[in-house]
Structure formats: C-alpha cells, structure tokens
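Enquirer: First the structure, then my questions, so here it is.
What follows is calculated from the coordinates using simple rules that are stated; it is not laboratory data. This structure is a prediction, so every number in the text was calculated from the model and none was measured. Cβ atoms come from the backbone with ideal geometry, glycine included; neighbour counts cover every protein chain shown.
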Amino acid sequence: MANTLEKIEVATDFKHLQIREITDSGGYHRRVLTCDQTLADDELQEVKDKAELEWTDEVKTAWSTYLAEQQAESQKAKDESVKEKPKEGE
Amino acid sequence: MSGIIGGAGSRSGIIGETEIDYEEGEWTCTPKDASGTASSSTQTGKYTKIGRQVTVDCGKSNLSTSNLSGSSQLRFYGLPYPADAIAGGHGYVGTMAASWLGSMTDYNIVPIIPASQSYFILAYSWNGTYWEYGNCDKTVHNGSDYQISITYNTTS
C-alpha cells in the first residue's frame, strides 16, 4: 500500500515542498520537491495543486538564479584553488 | 544544559527551557543523473531530526546506474528536509564507505549536501588541489556498494 499524505510544508525562500507521509507501519516518510523538478504523472493531486500555487515564475526564476550563482561560486573556488596551490615539490 | 526528549514516538521535548522538535522516520534515496533520469536502485533510509539538526543514513548493494548518463553528475535525491545555507560554499559533508568503485578508487570520497538542496552528491579531492564531483561512471557507479551517513542543518 502507498504512503498516506499527512502534510505539505513550504520551506526556504524557494518554496520547497516538504512532504510528510504516513507509512503502512504508522511511521513517518519524508521527501522534498524543488520547483525545478518535474512532478511525476502519478504524483498526488494535493501535491500538484500546492506546487501550482507556490511555484510561481518568480520563484522559479529566483531558484534558477540561485543555482547559477552557486555553480559560479563553486567554479571560481575551484579555479582559484588550482591557481594558488603550489605543485608537488615546489 | 540537559533535558528530556520524550520516549519512542515522541514528537517534541524540552532541553533546558527550549522546546525542540524531535522526529524520526524514513526517506527514499533515489540516484539520478543531472537531467533527472532515475535509477531503479532506490533504497529506504532512516532519518532523525532534533531541532534543526538532521541525521540521515542509507546504503545499497550492487547499485544500478546503467540507465543514467555516464558523464552526468550523480545525485542521490529524496532527503527528508532541505539543507540550510552553510559557510564555506560546498555544503554539508558526511561519511561514506563504498566498494566496487569506478575509476576514482584512490581518492577519499565523501557525500556532500549542497546548500538549500535535498540531494547529496559525491565529492573527492582531485590530486589534493580542488574538489571534483562524481559522475555516474566514476566513484560510486554501476555495481558499487555504498553506505552513507550525513548530519546537516535544515531551515527550521
């Protein structure tokens, strides 16, 4: 039997959907969806509706910009690391 | 400071004068490539959350990545909470044991959760100079066994 949806929370400025479900054994199961993810066809309708409501174009643009900045920072740190660190034996 | 966080099934507790959320449960670890194609090798892991601190674990034998793009970054989706921002840029670092690795057998590989993300990637220090992230045909790949544990902060 599939897990039963218990609640959908909205987390971070980027409106991540934080989903808590109840398992067959009565415990919790959690997962997170971000606005750059494509929801599965068999995703719960409540989750689809919440995503539709929260994941505005503005939110998607902000998330996309954040990811691009993260990527640029990571690349910059990598480039500087390669430049600055002495080679073996120096 | 000391206190009590209930017993099994407890949902919150008091440490000193601070009420702290407590929760434990399961999450489903799903390896994907960067385009979002998923491996069939999903695995249920456990999590424990105390306040903002979350600890997750997960492991899998004979991982299948044969349908993933080999040159694409390997990501393990499904974390129960998104990571908070972290100083230093790379993300929250965990520990990993693995066998039957790809081409990066001589490197110390660690799982990292990037800030604000709900997946972890595998990182290794390339020749001791800079971080490199594992692709689907390197580090952990088709046929590998792995076990990870990561503790990180979430946003609330």
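Enquirer: Enumerate the aspartates and glutamates that B:LYS46 could reach by cross-link, defined here as Cα to Cα under 15 Å, with residues fewer than 8 away along the same chain left out.
Expert: Here the aspartates and glutamates satisfying the reach criterion relative to B:LYS46 are A:GLU21, B:GLU23, B:GLU24, B:GLU26, B:ASP57.
Enquirer: Then there's this: Lysine pairs in segment A:4-79 with alpha-carbon atoms under 28 Å apart, 8 or more places apart or on different chains: how many are there?
Expert: 12
Enquirer: On a 0 to 90° scale, report how tilted helix A:45-54 is relative to the longest principal axis of chain A, with both axes built from alpha carbons and the result rounded to the nearest 10.
Expert: For helix A:45-54, the angle is close to 50 degrees.
Enquirer: So what is the relative contact order for chain B, in percent, with contacts set as C-alpha pairs under 8 Å and at least six apart?
Expert: Taking the mean separation of contacting Cα pairs over the length of chain B, I get 24 percent.
Enquirer: Treat each spin label as a single point 7 Å out from the Cα along the C-beta direction, and report the A:LYS76 to B:ARG52 distance in nm.
Expert: Taking the simple label geometry, A:LYS76 and B:ARG52 are separated by 2.4 nm.
Enquirer: Hey, got a sec? Which trypsin sites (Lys or Arg not before Pro) in segment B:39-119 land in a DSSP loop and have at most 16 other Cβ atoms within 10 Å?
Expert: B:ARG52
Enquirer: R0 = 35 Å: FRET efficiency of A:GLU6 with B:SER66, Cβ-based, nearest 0.05?
Expert: 0.50
Enquirer: Sort largest first and round to whole Å: the equivalent ellipsoid semi-axes of segment A:4-79, each the square root of five times a Cα gyration tensor eigenvalue.
Expert: In descending order the semi-axes read 29, 15, 10 Å.
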